[in-house]
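Since the structure comes first, as structure tokens, the remarks are kept for the end.
The values are calculated or read from the model by the stated rules, or taken from the named source; none is laboratory data. Please read all numbers here as calculations on a predicted model, not as lab measurements. Neighbour counts run over all protein chains shown; Cβ positions are idealised from the backbone, glycine included.
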Amino acid sequence: MSGHSKWAQIKRKKGVADVKKGQVFTRLGREIMLAAREGGGDPNANFTLRLAMDKARAQNMPKENIERAIKRGTGELSEGGQLEEIMYEGYGAGGAAILVQVLTDNRNRTASEIRHLFTRGGGNLATSNAVAWMFEKKGVIAIENAKNPDDLALELIDAGAEDYKADKTLLDLYCAAENLKSLRDALEKRKLAFASAELAWIAKNPAQVSDEQAVSTLKLVESLEEHDDVQKVYTNVEITDAVMAKFEAAK
């Protein structure tokens, strides 16, 4: 789980640069549209939509962009193609497992391009359910600059937290997917700020790979994340400080 939190923290810090490329707004808009299409356009009745809107606001996405994405999802606006959500599965160096969450309006094009990225990155695309069983869907809430993170985590067990990972002042709380809303509400009632709240695919066990193989897999993950149709990428590689240092040095 520490791998997920460390990589997510790095991505949050890179958020400003990504926004300049416009890529984040596109992804967030698609996420909002899909959530509205599946659960309706009212964030009070559609928690998935509420999460997507909060993520968009955190990235300073304009209000009109958010509203337009909701209307596209509910069918009030007909612009844009019909999006399909697909989960691709594959392997990185040393057999590391990788899940790639995609929103696309062209399944064949995206599959070909994702396969190419895996091959170019020293991995390979796998069949459905080849690695998905190594992950479980969890609610994850990240709190940065937490004071006494261990004590706070124990305090929130009654609110639905099942597990946690503390790294200095960074605290990641994990809960069952269906308990994310109640855990988030508990934090808001306590007036505790959090950096993100999301549903994520968390590896059950870390991959047994070398630091060099972990670095190779992270390079593949980063290249996949740069693809326009990719929403999220998950891996079971354990991202230690040593791995991150080698990864940054290799750039």
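Summary of computed values
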item: Hits in the stretch 80-127 - residues which are at pLDDT below 95, outside any strand (DSSP E or B) and either among the β-branched types (Val, Ile, Thr) or in contact with a Pro (Cβ under 7 Å, 6 or more places away or on another chain) (or both); result: THR127
item: Hits in the stretch 168-183 (condition: closer than 21 Å to PHE135 by Cβ and buried (at least 19 other Cβ atoms within 10 Å of the Cβ)); result: ASP172, LEU173, TYR174, CYS175, LEU180, LEU183
item: Verdict on LYS55 being assigned to a helix (DSSP H, G or I) and either within 29 Å of ASP167 (Cβ to Cβ) or of a type in the set (Asp, Glu) (or both); result: yes
item: Every pair of residues 6+ apart whose Cβ atoms lie under 8 Å, when the first sits in the stretch 37-50 and is more than 11 Å from LYS181 (Cβ to Cβ) while the second is crowded, with 17+ Cβ neighbours inside 10 Å and among the polar types (S, T, N, Q); result: GLU38/THR48; GLY39/ASN46; GLY39/THR48; GLY40/ASN46
item: The lone exception for ALA96 - which of (1) under 16 Å from the mean Cα position of the chain (by Cα); (2) in the same structural domain as GLY122 (by TED's automatic domain parsing) it fails; result: (1)
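Conditions (1) hydrophobic (A, V, I, L, M, F, W, C); (2) over 26 Å from ALA97 (Cα atoms), marked per residue:
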residue	(1), (2)
GLY123	no, no
GLU144	no, yes
ALA166	yes, no
LEU170	yes, no
LEU183	yes, yes
ALA186	yes, yes
ARG190	no, yes
ALA207	yes, no
